[in-house]
Amino acid sequence: MSESLYEIPLDREHRRLGAQMVPFAGFSMPIRYTSILQEHRAVRERVGLFDLSHMAPFELSGHDVATWFERLSCNRVSTMGIGVARYHLLMNERGGVHDDVILYRLADRYILIANAANADKVDEHLRSHAHGVDVRIDALHRRRVLLALQGPSAAALLSDLTPHDLTTMKSYTAVDTEIDNVPVFLARTGYTGEDGFELLLAPEHAVSVFRRLLEHGAAWGLEMAGLGARDILRLEAGMPLYGHELDEEHTPFQSGLAWAVKADKGPFLGSQALHARREEAGERLVGLILRQRIPARHGYAVFAEDRRVGAIASATIAPSVGDRSIATAFVEAGYDERGRTLSIEIRGRMYEAEVVALPFYRRHS
């Protein structure tokens, strides 16, 4: 392994389980254990366990956190009660997205989870806007283990291991609790489109908790799952990935995230530019289902007849969508109406695709 790659605390555990480790955002991370399709099926039908220790957690404390973060995000912070998690977009001055994050409010602090590739960028961004306010920023990147237990059996499996009553825990909530007397920050959040939980804990407890989850999870059909399955799951569920469906140039309106913009909450970084760009004739994110089962790739050109009108953001073969080829793409305004036929250039040939609504997949209640 290259010296430049960070070895996550559970590296030996993953290798013992047969994981294929690959470079990802400066880390050596498990891409798969058995097969990506088998791991995908486990999450959709039973439960899968992911190691997400490449993600970038921050602990925020101080009297001014809520009002300070309110000025950095286009979503509301002031209405977050204790135990609430909320999706936020950190904005830049041009109305583009600096990163998408989840913010969790606890009784005495906030937890922020940023994207792995944006860890340093978000750290610098937060600190550069924290002058003159009572805010303490503790970057926990590479100092915590983040595990995700995802799938329809996740709650039943986990309820035997924690004293917290999971039946009272709604989606997008969080709590400080324990697993086998180990302190764990537990959130009912995830990135797969299924019910599930994310667990943040100190590295010195990671092996014991990890092995306990595997041991107890065997009865529930738990399987380890890697980043390969996670990317298919999140795309089927229409969840954006920074650098694909989100970036510094496209606005939340263009990325289909207008619901995360609270226009009446008061000024925030980039709010003037964002509102000025709301109706601009720019690109729009769309879902595409190809009429042939052929994989597209990020960056492939999208055409309307002979005219290039956009490019693929993400693409995969989707087991939960009839094993069809799906994609997201940014296309010019006017070419984003549902039912329209567009074409994707793949290795010099054109393949037709239909514009569809996102997400591609919704879990059964």
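The values are calculated or read from the model by the stated rules, or taken from the named source; none is laboratory data. Since this is a predicted model, take the numbers as computed values, not measurements. Methodologically, a virtual Cβ is constructed for each residue, glycine included, from the backbone with ideal geometry; neighbour enumeration extends over all protein chains shown.
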Single unsatisfied condition, VAL302 versus (1) among the β-branched types (Val, Ile, Thr); (2) in the same structural domain as ASP195 (by TED's automatic domain parsing); (3) touching a Leu at 6+ places or on another chain (Cβ under 7 Å): (2)
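So that you can scan it fast, the table gives a plain yes or no per residue for (1) closer than 22 Å to ARG44 by Cβ; (2) assigned by TED's automatic domain parsing to the domain that holds ARG41; (3) within 15 Å of the chain's Cα centre (by Cα):
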{"position": "ALA155", "(1), (2), (3)": "yes, yes, no"}
{"position": "ASP165", "(1), (2), (3)": "no, yes, no"}
{"position": "THR177", "(1), (2), (3)": "no, yes, no"}
{"position": "VAL182", "(1), (2), (3)": "no, yes, no"}
{"position": "THR192", "(1), (2), (3)": "yes, yes, yes"}
{"position": "GLY196", "(1), (2), (3)": "yes, yes, yes"}
{"position": "LEU201", "(1), (2), (3)": "no, yes, no"}
{"position": "HIS205", "(1), (2), (3)": "no, yes, no"}
{"position": "SER208", "(1), (2), (3)": "no, yes, no"}
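Let's see how each residue does on (1) within 14 Å of the chain's Cα centre (by Cα); (2) under 22 Å from GLY334 (Cβ atoms); (3) buried (at least 19 other Cβ atoms within 10 Å of the Cβ); (4) not assigned by TED's automatic domain parsing to the domain that holds ILE31:
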position: GLY221; (1), (2), (3), (4): no, no, no, no
position: ARG230; (1), (2), (3), (4): yes, no, yes, no
position: HIS244; (1), (2), (3), (4): yes, no, yes, yes
position: GLN254; (1), (2), (3), (4): no, yes, yes, yes
position: TRP259; (1), (2), (3), (4): no, no, no, yes
position: LYS262; (1), (2), (3), (4): no, no, no, yes
position: LYS265; (1), (2), (3), (4): no, no, no, yes
position: PHE268; (1), (2), (3), (4): no, no, yes, yes
position: ILE289; (1), (2), (3), (4): no, yes, no, yes
Across region 210-238, what is the number of residues that are under 17 Å from GLU45 (Cα atoms), assigned to a loop (DSSP other than H, G, I, E, B) and in contact with a Leu (Cβ under 8 Å, 6 or more places away or on another chain)? 2
Looking at the structure I just gave you, is LEU186 in contact with a Leu (Cβ under 7 Å, 6 or more places away or on another chain), in the same structural domain as LEU213 (by TED's automatic domain parsing) and crowded, with 20+ Cβ neighbours inside 10 Å? yes
Please work out which residue is surrounded by the fewest Cβ atoms within 10 Å (Cβ to Cβ), limiting yourself to region 113-139 and to residues that are in a loop (DSSP other than H, G, I, E, B) and among the aliphatic types (A, V, I, L, M). VAL133
In region 61-77, is there at least one residue being closer than 27 Å to HIS250 by Cβ and free of Cβ contacts under 8 Å to residues at least 60 places away in the same chain? yes
Meets criteria (under 29 Å from TYR87 (Cα atoms), at pLDDT 95 or above and polar (S, T, N, Q)) for SER325: yes
Close pairs (8 angstrom Cβ cut-off, 6 or more residues apart or separate chains): part of a loop (DSSP other than H, G, I, E, B) in region 258-284, among the β-branched types (Val, Ile, Thr) anywhere: ARG277/THR251; ARG278/THR251; GLY282/THR251
I need a count of the residues in region 189-209 that are hydroxyl-bearing (Ser, Thr, Tyr), assigned to a helix (DSSP H, G or I) and crowded, with 17+ Cβ neighbours inside 10 Å. 0
Find the residue count for region 339-362, including only residues that are without any contact (Cβ under 8 Å) to a residue 40 or more places away in the chain and exposed (fewer than 15 other Cβ atoms within 10 Å of the Cβ). 5
Going by the conditions given, is ALA258 modelled with pLDDT of 95 or more and over 30 Å from PHE69 (Cα atoms)? no
